[in-house]
Amino acid sequence: QVQLVESGGGLVQAGDSLRLSCAASGRTIGSSAMAWFRQTPGKEREFVSRISWSGVRTYYADSVKGRFTISRDNDKNTVYLQMNSLKPDDTAIYYCAAARPYVEGTIRRAGYASWGQGTQVTVSS
């Protein structure tokens, strides 16, 4: 249903910041929990952060808590991931995901019905 397109990735140095964007089309995401996942070669796609459809609750993986911030702008039909104090271990392809309308988010990949194509984030030492 909803189409998601990530942007904002790039090559940065450790300690730098990036803001990823996830632009949605096809339907509003105002009623959908949204999440960010990331994946590196040889590893399963792992949960990074999620935000409830109400926008009240946010959740973060321990590895990024305190450094990353997820937010949403329903008027723009866009979700963001502000990434600060980036580390080489943050290097990955970052994916945006949307749950079905009015379904609460989860850290499981199976809980999300729509996925973007991913955007590459590379952090050098």
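Entry note, the chain: relative contact order of 37 percent, from Cα contacts under 8 Å with a spacing of 6+ residues.
When nucleic acids and ligands are ignored and a 1.4 Å probe is applied, W53 ends up with an accessible area of around 90 Å².
The charge dipole of the chain, taken about its Cα centre with unit charges on the Cβ of Lys, Arg, Asp and Glu (plus for the first two, minus for the last two), comes to roughly 240 debye. Applying 1/(1 + (r/R0)^6) with R0 = 41 Å to the Cβ-Cβ distance of S85 and R27, what FRET efficiency is obtained, to the nearest 0.05? With R0 = 41 Å, the Cβ-Cβ based efficiency is 0.75.
Compactness of the chain was expressed as the Cα radius of gyration divided by 2.2 N^0.38 Å, which yields 0.97. Fully extending the segment from A14 to R100, taken as 0.36 nm per residue of separation minus the present Cα-Cα distance, adds 27.4 nm.
For the chain, the residue among L86, V103, V64 whose Cα projects farthest onto the positive side of the dipole built from Cβ charges is V103. Think of a 1.4 Å ball rolled over the protein heavy atoms: the chain then has 51 Å² of accessible area per residue.
For the pair the stretch 50-125 / the stretch 5-45, the C-alpha centres are spaced 6 Å from each other. The local environment of A110, defined by Cβ-Cβ distances under 13 Å, has a net charge of +3 under the rule Lys, Arg +1 and Asp, Glu -1. With a ≥ b ≥ c the root eigenvalues of the C-alpha gyration tensor of the stretch 4-46, is it rounded (a/c under 1.5), prolate (a/b larger than b/c) or oblate? Taking the square roots of the gyration eigenvalues as a ≥ b ≥ c, the stretch 4-46 is oblate. Near D16, once Lys and Arg are set to +1 and Asp and Glu to -1 for all other residues with Cβ below 12 Å from its Cβ, the sum equals +2. The charge dipole of the stretch 18-79, taken about its Cα centre with unit charges on the Cβ of Lys, Arg, Asp and Glu (plus for the first two, minus for the last two), comes to roughly 60 debye.
The values are calculated or read from the model by the stated rules, or taken from the named source; none is laboratory data. No experiment lies behind these values; they were computed from the predicted model shown. Here the Cβ is made from the backbone with ideal geometry for all residues, glycine too, and neighbour counts use every protein chain on show. In case anyone asks, the SASA skips ligands and DNA or RNA and just uses the protein heavy atoms, side chains included. Shrake-Rupley method; radii C 1.70, N 1.55, O 1.52, S 1.80 Å.
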